[in-house]
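J.: Before I ask anything, let me first share the structure, which is written out below as structure tokens.
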Amino acid sequence: MRAQTEVMDNGAAVMVRDLRKSYRDVAAVRGIDLEITRGEVFALLGPNGAGKTTTVEILEGFRHRDQGTVDVLGQDPARAGRAWRARIGIVLQLASAGPELTVLEMVRHFAAFYPRPRPPEEAIDLVGLTAKAQSRVSKLSGGQTRRLDVALGIVGRPELLFLDEPTTGFDPEARRQFWELIRALRGDGTTILLTTHYLDEAEALADRIAVIAAGRIVAEGDPETLGGRAAAAARVSWDAPGGDRATVETSTPTQVITGLAAQFGEEIPGLTVTRPTLEDIYLDLIAAAESGDSRNGDSRNGDSRNGDSRNGDSRNGDSRNEEQP
Amino acid sequence: MTERATLARARGRARDRARGRADASAGLASEAKLPGQWRLGAARGGVEVKTFFRDRMAVAFVFGLPPILLVLLGSIFGHQAAAQGVTVGQLFTAGMIAGGIMSTSFQYLAIGIATERETGWLKRLSGTPMPHSAYFAGKVVQVMVCTVAETALLMAVGMLFYHLRLPTEPARWWTFAWVFVLGAAACSLLGIAASSVPRSAASATPVITLPFTVLQFISGVYVPFVVVPHWMRVIASFFPLKWMAQGMRSVFLPGQAAALEPAGSWEHGRIALVLVAWIAAGLVLCAKTFRWQSRS
């Protein structure tokens with residue numbers, strides 16, 4: 001009861017404490033804490049099989065947890081009813097588009113489920129499908145089907161929107177348009193939980209990012225400072241007189257460059273100063289989590305997960321495990 | 001630096017708006033009521049019927065196959081007299097009406113729901129505030145429309161080609177009504193339960209159609225029941241179709257044809273009992289097995 005009022009007070013849309021979930025003997029989620037503030041875009045990153053989908057499906061009420069407290073918009077998804085469903089939006093990617101309806105008929109049909117829906121035409125317009133409103137959903141291209149998925153997720157004016165890898169298969173232009181839509185939704189005050197494989201997408205959209213690996217959150221923060229990114233050493237490189245490339249990692253790049261400038265007395269040839277990209281940080285975090293995992297040996301599939309992380313086939317196997325009820 | 005500050009301010013504004021909207025929606029929640037179950041059931045039914053008739057393959061399969069089989073069987077064997085002034089064509093028509101009811105209820109529902117589950121459509125619906133009752137109401141509407149149409153079609157074919165006479169006594173129409181309703185209900189529930197058997201959308205049609213075809217052979221639909229070996233009759237009598245076919249024969253054949261039945265009578269009481277038992281068993285099976293998500 002006290003937790004409940006706390007949630008209302010600090011305006012959290014999602015509050016998760018010590019969430020755990022296993023499939024048979026395999027621990028998919030091993031103690032996750034999350035807090036998503038109302039109105040923010042929160043990105044959940046992690047390799048396949050890390051527990052991302054399981055976590056999101058528990059928040060969506062599609063899966064039951066083994067342990068922990070979960071609060072989504074003030075309610076426990078495992079027990080929430082229609083009124084709660086009316087306040088969330090879920091963007092699912094389906095293998096097929098569904099029954100033989102036109103885009104407009106489909107969006108109109110879903111709008112009828114909600115108490116205060118957007119006008120169906122508006123939802124279609126927001127995802128840029130107006131030209132296809134009269135087309136059968138089975139005739140849409142892959143990217144258009146994804147946009148329809150999004151239209152169906154937002155037609156009910158959700159307070160909280162779940163987006164699971166929404167731009168997979170989009171061309172670069174469609175992705176940019178989609179990003180604009182997400183920014184517009186955030187501008188309206190919609191809270192968004194985004195999972196994605198694209199780090200540039202997370203960086204462009206997210207107010208905060210959490211990285212999940214081997215069933216745990218290994219880092220959390222805003223895109224600029226995640227995993228100590230802001231404090232990380234800068235890399236200064238230049239063309240050394242012998243023709244080789246010289247590189248120094250330093251926390252005081254200005255000092256290094258001043259020294260170099262004095263040494264060269266003119267332009268420093270081929271000078272670059274780089275900070276680690278979000279992708280560098282992410283890959284380091286995942287690698288550290290995985291090696292730490294196998295050292296501790298506290299998971300029976302920790303070793304295989306570690307070994308499999310660069311192997312496409314086994315990674316698929318891993319994510320299949322995650323799908324098992 | 002200024003850009004960061006502007007961004008932070010914009011985010012702060014968005015959060016304020018979100019809080020404001022949350023307060024507003026808390027107030028609105030009591031006013032903006034969830035749409036009613038009956039209205040959504042009707043909406044689901046409309047979509048089910050509309051999309052069924054747009055799916056040419058489904059229409060050809062459901063409304064094409066039973067009449068074609070009736071014409072084939074009737075043309076090959078139809079004009080032989082079975083006995084007691086009954087033609088084999090009449091026997092086939094009565095049996096095929098029962099088979100038609102099971103095809104539009106059991107077969108179509110089992111394949112349709114299995115496909116909807118395996119393609120994620122059921123998961124998508126269950127992620128919305130649609131009440132679960134509305135989904136099943138939609139299926140009821142769809143099954144009713146198709147089953148009535150199928151039955152009328154088969155009756156017309158029987159009357160045109162195989163001397164099927166529509167009954168004149170009200171008692172026979174009453175029998176027709178309860179055999180139709182109980183049979184369709186039992187087969188629908190069985191179909192919803194059977195939809196959990198196929199493990200993929202691609203396997204749904206063969207997995208459901210194979211046992212259904214066997215059942216039609218041993219229940220007196222494709223072959224007159226008197227010709228079916230005894231041990232097959234015993235198996236058939238555990239399932240609803242044999243009893244539905246028997247009920248339909250009692251409606252459309254002359255009274256003396258009851259002598260052709262294995263029991264020597266129409267056994268109306270037993271037909272009703274078996275169908276009601278299947279409805280009860282079907283409800284329990286559905287409640288225990290129905291899932292909104294694929295297992296794979």
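The values are calculated or read from the model by the stated rules, or taken from the named source; none is laboratory data. This structure is a prediction, so every number in the text was calculated from the model and none was measured. Cβ placement follows ideal geometry from the backbone for every residue including glycine, while neighbour counts extend to all protein chains displayed.
J.: Considering segment B:239-278 alone, what residues qualify as being under 19 Å from B:A186 (Cα atoms), surrounded by fewer than 18 Cβ atoms within 10 Å (Cβ to Cβ) and touching a helix residue (DSSP H, G or I) at 6+ places or on another chain (Cβ under 6 Å)?
T.: Across segment B:239-278, there are no qualifying residues.
J.: Continuing with the same structure: Could you say which residue among A:R17, A:R87, A:R82 is more than 26 Å from A:V150 (Cβ to Cβ) and either at pLDDT 95 or above or among the basic types (K, R) (or both)?
T.: Numbers: A:R87 fails: more than 26 Å from A:V150 (Cβ to Cβ); A:R82 fails: more than 26 Å from A:V150 (Cβ to Cβ).
Every option except A:R17 fails the conditions.
J.: Now, a different point. Restricting attention to segment B:94-107, does a residue exist that is surrounded by fewer than 22 Cβ atoms within 10 Å (Cβ to Cβ), at pLDDT 85 or above and not acidic (D, E)?
T.: Restricting attention to segment B:94-107, the residues satisfying the condition of being surrounded by fewer than 22 Cβ atoms within 10 Å (Cβ to Cβ) are none.
No; the residues of segment B:94-107 include none that is surrounded by fewer than 22 Cβ atoms within 10 Å (Cβ to Cβ), at pLDDT 85 or above and not acidic (D, E).
J.: Looking at segment B:213-238 only, could you name the residues that are surrounded by fewer than 18 Cβ atoms within 10 Å (Cβ to Cβ) and either within 17 Å of B:G100 (Cα to Cα) or touching a Pro at 6+ places or on another chain (Cβ under 8 Å) (or both)?
T.: Listed by number, the residues that qualify are B:T213, B:V214, B:F217, B:V226, B:R233.
J.: Looking only at segment A:46-92, which residues are free of Cβ contacts under 8 Å to residues at least 60 places away in the same chain and among the acidic types (D, E)? Outline the logic, then answer.
T.: Quick first cut of segment A:46-92, residues free of Cβ contacts under 8 Å to residues at least 60 places away in the same chain only: A:57-58, A:61-62, A:64-68, A:70, A:75-85.
Across segment A:46-92, the qualifying residues are A:E57, A:D66, A:D76.
J.: Hey, can you tell me all the residues within segment B:61-73 that are surrounded by fewer than 24 Cβ atoms within 10 Å (Cβ to Cβ) and under 24 Å from B:F180 (Cβ atoms)?
T.: B:F61, B:V62, B:F63, B:G64, B:L65, B:P67, B:I68, B:L69, B:V71, B:L73
J.: In addition: Could you run through segment B:32-61 and say how many residues are out of contact with any Gly (no Cβ under 9 Å at 6 or more places or on another chain) and assigned to a helix (DSSP H, G or I)?
T.: Total meeting the criteria: 11.
J.: Could you list all residues from segment B:164-185 that are over 14 Å from B:M248 (Cβ atoms) and surrounded by 15 or more Cβ atoms within 10 Å (Cβ to Cβ)? Before the answer, list the steps.
T.: Going residue by residue through segment B:164-185, those that are over 14 Å from B:M248 (Cβ atoms) are B:168-171, B:185.
If the condition is that a residue be over 14 Å from B:M248 (Cβ atoms) and surrounded by 15 or more Cβ atoms within 10 Å (Cβ to Cβ), then B:A185 is the only one that fits.
J.: Right, next: Need at least 2 residues that are buried (at least 20 other Cβ atoms within 10 Å of the Cβ) and within 13 Å of chain B (Cβ to nearest Cβ) per element, so show me which strands (runs of 3 or more DSSP E) inside segment A:32-105 make the cut, counting only ones lying wholly within it. First the steps, then the outcome.
T.: Numbers: elements: A:41-45, A:67-72, A:88-91.
In segment A:32-105, A:41-45, A:88-91 are the strands (runs of 3 or more DSSP E) which contain 2 or more residues that are buried (at least 20 other Cβ atoms within 10 Å of the Cβ) and within 13 Å of chain B (Cβ to nearest Cβ).
J.: Residues that are more than 14 Å from chain A (Cβ to nearest Cβ) and under 30 Å from A:D149 (Cβ atoms): which helices (runs of 4 or more DSSP H) entirely in segment B:109-196 hold 1 or more of them? Walk me through it before giving the result.
T.: Working: elements: B:121-126, B:132-161, B:170-194.
By residue number, B:132-161, B:170-194.
J.: Just to be sure, is B:V276 assigned to a loop (DSSP other than H, G, I, E, B), away from every other protein chain (no Cβ under 14 Å) and in contact (Cβ under 8 Å) with a residue 12 or more places away in the chain? Quick ask: steps written out before the conclusion?
T.: Working: assigned to a loop (DSSP other than H, G, I, E, B): no; away from every other protein chain (no Cβ under 14 Å): yes; in contact (Cβ under 8 Å) with a residue 12 or more places away in the chain: yes.
Criteria not met by B:V276.
J.: Quick check on segment B:86-108. Is at least one of its residues in contact (Cβ under 8 Å) with a residue 40 or more places away in the chain, hydrophobic (A, V, I, L, M, F, W, C) and not in a helix (DSSP H, G or I)? So that I can check it myself, show each step before the final result.
T.: In the first step, residues of segment B:86-108 are kept if they are in contact (Cβ under 8 Å) with a residue 40 or more places away in the chain; the result is B:86-108.
If we keep only those that are hydrophobic (A, V, I, L, M, F, W, C) too, we end up with B:86, B:88, B:91-92, B:94, B:96-98, B:101-102, B:106.
In the following step, the residues that additionally are not in a helix (DSSP H, G or I) were identified as B:86.
Yes, the conditions are met somewhere in segment B:86-108.
The rows are residues; the columns are (1) under 21 Å from A:D280 (Cα atoms); (2) surrounded by 16 or more Cβ atoms within 10 Å (Cβ to Cβ); (3) polar (S, T, N, Q).
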{"site": "A:T196", "(1), (2), (3)": "yes, yes, yes"}
{"site": "A:D207", "(1), (2), (3)": "yes, yes, no"}
{"site": "A:V218", "(1), (2), (3)": "yes, yes, no"}
{"site": "A:T247", "(1), (2), (3)": "yes, no, yes"}
{"site": "A:G259", "(1), (2), (3)": "no, no, no"}
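J.: Only residues in segment B:22-41 that are more than 7 Å from chain A (Cβ to nearest Cβ) count as the first member; pair them with residues that are modelled with pLDDT of 90 or more, Cβ under 6 angstrom, at least 6 apart or cross-chain, and list the lot.
T.: Once the first residue is more than 7 Å from chain A (Cβ to nearest Cβ) and sits in segment B:22-41, its partners that are modelled with pLDDT of 90 or more give B:Q37/B:P131; B:Q37/B:S133; B:Q37/B:A134; B:G41/B:A134; B:G41/B:A137.
J.: Suppose we keep only residues that are closer than 17 Å to B:R39 by Cβ and among the hydrophobic types (A, V, I, L, M, F, W, C) within segment A:80-123. Which one would you say is nearest to the chain's Cα centre (by Cα)?
T.: Checked segment A:80-123; the qualifying residue nearest to the chain's Cα centre (by Cα) is A:A86.
J.: Which condition from (1) over 27 Å from A:A78 (Cβ atoms); (2) surrounded by fewer than 21 Cβ atoms within 10 Å (Cβ to Cβ) is the one that B:V143 breaks?
T.: That leaves (2) as the condition not met.
Residue-wise test of (1) more than 12 Å from the chain's Cα centre (by Cα); (2) within 14 Å of chain B (Cβ to nearest Cβ).
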site	(1), (2)
A:A151	yes, yes
A:T190	yes, yes
A:L199	no, no
A:R208	no, yes
A:A231	yes, no
A:G243	yes, no
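J.: Do we find a residue being at pLDDT 95 or above and polar (S, T, N, Q) anywhere in segment A:191-202? Steps first, please.
T.: Of all residues in segment A:191-202, those at pLDDT 95 or above come to A:191-193.
Checking the rest, the ones that are also polar (S, T, N, Q) come to A:191.
Scanning segment A:191-202, I find at least one residue that is at pLDDT 95 or above and polar (S, T, N, Q), so the answer is yes.
Okay, residues lined up against (1) under 22 Å from A:T37 (Cα atoms); (2) touching a strand residue (DSSP E or B) at 6+ places or on another chain (Cβ under 7 Å):
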site: A:I58; (1), (2): yes, yes
site: A:G61; (1), (2): yes, no
site: A:H64; (1), (2): no, no
site: A:W84; (1), (2): yes, yes
site: A:V91; (1), (2): yes, yes
site: A:G98; (1), (2): no, no
site: A:P115; (1), (2): no, no
site: A:I124; (1), (2): no, no
site: A:L140; (1), (2): no, no
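J.: Please find, within segment A:124-136, the residue that is surrounded by the fewest Cβ atoms within 10 Å (Cβ to Cβ) out of those that are over 10 Å from A:L104 (Cβ atoms) and under 28 Å from the mean Cα position of the chain (by Cα). Lay out the reasoning, then the answer.
T.: Step one: of segment A:124-136, the residues over 10 Å from A:L104 (Cβ atoms) are A:125-128, A:131, A:136.
Right, trim to under 28 Å from the mean Cα position of the chain (by Cα) and you get A:125-128.
Values: A:D125: 14, A:L126: 19, A:V127: 24, A:G128: 17.
The qualifying residue surrounded by the fewest Cβ atoms within 10 Å (Cβ to Cβ) is A:D125.
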